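A.B. asks: Okay, handing you the structure first.
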Amino acid sequence: MATLLELCTLNDVLQYPGMQSVKDDDKDWIERLVRGFSKRAETFTNRQFYKEARTTLYSPGVASDVLQLAAFGGSGTVTTVHEDRERVFGADTLLESTGYYFDVPTGQLTRDYGTWMVGRSVVQVVYTAGLGTEIDDVPEDLRMAAIMQCAFWYQRRNELGLTQRTLSGGAISLSQPSKLLPEVEDVLYSYKLYAWGNTGREGVVW
């Protein structure tokens, strides 16, 4: 499972207008809202924001010269690419680095000569990519969207059906599905990965 990049901090949310009087008992719950939104943002955008090393298998269903990776933006590098119908991915199936190009801002891995091998889990990509690993790596518009949404969820917790119950062993949070704020959706749409074709185990094959 990929590591989650939290898109804002507890302190960010507490500094939002109207949030200065939050009780200490609620702070842990707000941190849960931050994590929940951060994961929801990844699902909404079809992306993975945390920058880390990944080994990904792709399943091209049609001949194409482009693979769309799920983690991109910020900085990134591709370490190795293999094509292997036997799915062993040994040295004899390693592609020369001069045979493909990784466009970091878009996450597109382009085959310079020909198309990617077609088949189930026949392309293996080892790469490092993502927006970053620290809160300061999160773009300001995405960070503000996270702050606004988490503050809204907290301030409207009674209307939205958000509750906190204390049981033996600690507190748990229950949340019923709620829509995102329109302005938050607008920001997420600007980070959304649009692609067509067959999905791999992680990401999209064009």
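A.B. asks: Only one of these conditions is not met by residue 43: (1) out of contact with any Gly (no Cβ under 6 Å at 6 or more places or on another chain); (2) not assigned by TED's automatic domain parsing to the domain that holds residue 142. Which number is it?
C.D. replies: (2)
A.B. asks: I'd like to verify a number: residues in segment 1-17 that are of a type outside the set (Gly, Ala, Ser) and assigned to a loop (DSSP other than H, G, I, E, B), how many? Spell out how you get there, then give the answer.
C.D. replies: Looking only at segment 1-17, we keep the residues that are of a type outside the set (Gly, Ala, Ser), and these are 1, 3-17.
Subsequent filtering for residues that are assigned to a loop (DSSP other than H, G, I, E, B) retains 1, 3-9, 15-17.
Count: 11.
A.B. asks: A further question follows. Checking the conditions here, which among 128, 110, 80, 93 is of a type in the set (Ser, Thr, Tyr), modelled with pLDDT of 95 or more and more than 22 Å from residue 48 (Cβ to Cβ)?
C.D. replies: Unique residue meeting the criteria: 93.
A.B. asks: Same structure, new question: Being in a strand (DSSP E or B), hydrophobic (A, V, I, L, M, F, W, C) and surrounded by fewer than 17 Cβ atoms within 10 Å (Cβ to Cβ) is the filter here; which residues of segment 119-149 pass it? Explain how you work it out, then say what you get.
C.D. replies: Initially, segment 119-149 is screened for residues in a strand (DSSP E or B), giving 123-130, 132.
Adding the requirement that they be hydrophobic (A, V, I, L, M, F, W, C) leaves 123, 125-126, 129.
Listed by number, the list holds a single entry, 126.
A.B. asks: Going by the conditions given, is residue 101 more than 28 Å from residue 5 (Cα to Cα), surrounded by fewer than 19 Cβ atoms within 10 Å (Cβ to Cβ) and of a type in the set (Phe, Trp, Tyr)?
C.D. replies: Considered against the rule, which asks whether it is more than 28 Å from residue 5 (Cα to Cα), surrounded by fewer than 19 Cβ atoms within 10 Å (Cβ to Cβ) and of a type in the set (Phe, Trp, Tyr), residue 101 comes out as no.
A.B. asks: Using the structure shown, decide if residue 47 is closer than 23 Å to residue 187 by Cα, within 21 Å of the chain's Cα centre (by Cα) and in a loop (DSSP other than H, G, I, E, B). Let's see the steps before the verdict.
C.D. replies: Numbers: closer than 23 Å to residue 187 by Cα: yes; within 21 Å of the chain's Cα centre (by Cα): yes; in a loop (DSSP other than H, G, I, E, B): yes.
So residue 47 passes the test.
A.B. asks: Which pairs turn up if I take residues in segment 92-104 that are under 24 Å from residue 73 (Cα atoms) and look for partners that are acidic (Asp, Glu) and in a strand (DSSP E or B) with beta carbon separation below 8 Å, at least 6 apart in sequence or on another chain?
C.D. replies: Filtered contacts from segment 92-104: 95/83.
A.B. asks: So residue 92 ticks every box in (1) assigned to a helix (DSSP H, G or I); (2) surrounded by fewer than 16 Cβ atoms within 10 Å (Cβ to Cβ); (3) under 21 Å from the mean Cα position of the chain (by Cα) but one. Which box is left unticked?
C.D. replies: Here residue 92 meets the rest and fails (3).
A.B. asks: Consider segment 1-44. How many of its residues are of a type outside the set (A, V, I, L, M, F, W, C), within 15 Å of residue 143 (Cα to Cα) and more than 11 Å from the chain's Cα centre (by Cα)?
C.D. replies: Residues flagged as of a type outside the set (A, V, I, L, M, F, W, C), within 15 Å of residue 143 (Cα to Cα) and more than 11 Å from the chain's Cα centre (by Cα) within segment 1-44 amount to 8.
A.B. asks: Limited to segment 18-44, what total is found for residues that are assigned to a loop (DSSP other than H, G, I, E, B) and either touching a Phe, Trp or Tyr at 6+ places or on another chain (Cβ under 9 Å) or touching a residue at least 60 places away in the same chain (Cβ under 8 Å) (or both)?
C.D. replies: Final tally of qualifying residues: 3.
A.B. asks: Evaluate segment 48-65: report whether one residue or more is more than 18 Å from residue 107 (Cα to Cα) and either modelled with pLDDT of 95 or more or in contact with a Pro (Cβ under 9 Å, 6 or more places away or on another chain) (or both).
C.D. replies: Step one: of segment 48-65, the residues more than 18 Å from residue 107 (Cα to Cα) are 61-63.
Add one more test, that the residue is either modelled with pLDDT of 95 or more or in contact with a Pro (Cβ under 9 Å, 6 or more places away or on another chain) (or both), and what stays is none.
Within segment 48-65, not a single residue is more than 18 Å from residue 107 (Cα to Cα) and either modelled with pLDDT of 95 or more or in contact with a Pro (Cβ under 9 Å, 6 or more places away or on another chain) (or both).
The values are calculated or read from the model by the stated rules, or taken from the named source; none is laboratory data. Only a predicted model underlies this, so the values are computations on that prediction, with no experimental measurement involved. Cβ coordinates were reconstructed from backbone atoms using ideal geometry, including for glycine residues, and neighbour counts include every protein chain displayed.
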